[in-house]
Amino acid sequence: MNRREFLGTAAAIALSRADAQSTAEWGGPVLDIHLHPRQQEGGELDHINGSGVTMAVLLTRATMADRAKAVVAKNPGRFVWFVGMDMTRPDAIDILRKNLAAGAIGLGEMKSHVACDGPEMRTVYSLAAEMNAPVLIHFADFPQFEGEGTWNSGIARFPAVVKANRKTVFIGHGDGFWANTSADVPDGVPYPTGKIKPGGVSDRMLSEYPNFYGDFSANSGRNFLGRDPDFAAKFIERHRAKLMFGCDCSCRDGRGAGQSSKQPLIAGKCVARETLTALKQMASAAVFRQIVWENGTRLIKISRG
């Protein structure tokens, strides 16, 4: 057996073990579209193995691109990577373009102190269309702590951007995205509670624009699932072809160790496990399979073959 055959066999064994684990826990393979690179060696693999995830998209700042490429190369079939950048830097778009050419398959997480419809982000949307790369955006109109500021603010104006960029694939994420599933968003509250009022801008964009998708990650996605379960179940069914599972979890082991968030629904827990469990309880087996595997692998154009 030569080296290539050996590596191919080793990768196949690793993938079969990952499939067996995720099938046992979640009924089939799982794609996490929102995992950030870790500082500790092997941390990315520890998290997806611990949470029962088959593959993950590493959302990587350009400064950690070498780390992401090394993780992808070391773990065949388990990871792909997106690249993100602070769009207030004058060289940001050039750096994004360079990393797409170097193997990144998408843009994100895009999280900058700019307006979502401002000139900085419009260059990102044009690049995404040009390079046929989806763009994952963190929306936040309210800071979560003093001095944080907002991120890609102005989601209420975003339908005009989506409409004007039909060739760009957008993925919405963050407290601004999930809060705006409701038409009534309390001022200054990143994680609203209580009943959701139909007609929110995020809900409408998912319905009206074929190039707009949603990312079920972080406390924001978990909070949405918990605040109004009846609405959430209908929302999941209505947008079953437009939603994708992601975790955006800070725990070390895929089981909650080292979770830094103090938010009630995820404190001391793995966000991946909490979100997958909630989705599985709310959705039919077929819809769950779409959200945790089929939609993401189709949109991002990755395969297991």
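The values are calculated or read from the model by the stated rules, or taken from the named source; none is laboratory data. Every value quoted in this text rests on a predicted model; they were computed, and no experiment measured them. Quick reminder, even Gly has a Cβ in these numbers, built from the backbone with ideal geometry, and neighbours come from all protein chains shown. These accessible areas exclude ligands, DNA and RNA; they are computed on the full protein's heavy atoms, side chains included. Shrake-Rupley method; radii C 1.70, N 1.55, O 1.52, S 1.80 Å.
Quick look at the numbers
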{"read-out": "Carbon/sulfur fraction of accessible area - the chain, other protein chains in place, 1.4 Å, %", "value": "54"}
{"read-out": "Residue with peak Gaussian network fluctuation, the chain [Cα springs, cutoff 10 Å], from 125, 209, 191", "value": "209"}
{"read-out": "Structure-based [θ]222 nm, the chain - -39500 (n - 2.57) summed over DSSP H runs of at least 4, per residue, nearest 500", "value": "-12500 deg cm²/dmol"}
{"read-out": "Most fluctuating residue given options 284, 51, 220, as computed from a GNM of the chain linking Cα atoms under 10 Å", "value": "284"}
{"read-out": "The range 205-290: trypsin sites (Lys or Arg not before Pro) in DSSP loop, at most 11 other beta carbons within 10 Å", "value": "262"}
{"read-out": "DSSP-loop GluC sites (Glu not before Pro) across the range 98-151, with at most 11 other Cβ within 10 angstrom", "value": "146"}
{"read-out": "Of 265, 100, 45, the one that fluctuates the most in a GNM where the chain has Cα springs shorter than 10 Å", "value": "265"}
{"read-out": "Helix runs (DSSP H) in the chain reaching 27 Å along axis by Cα, Kyte-Doolittle at least -1.0", "value": "3-26"}
{"read-out": "20 Å Cα cut-off, lysine pairs counted over the chain (separation 8 or more, or different chains)", "value": "13"}
{"read-out": "Solvent-accessible area per residue, Å², over the range 136-228 with all protein chains present [probe radius 1.4 Å]", "value": "38"}
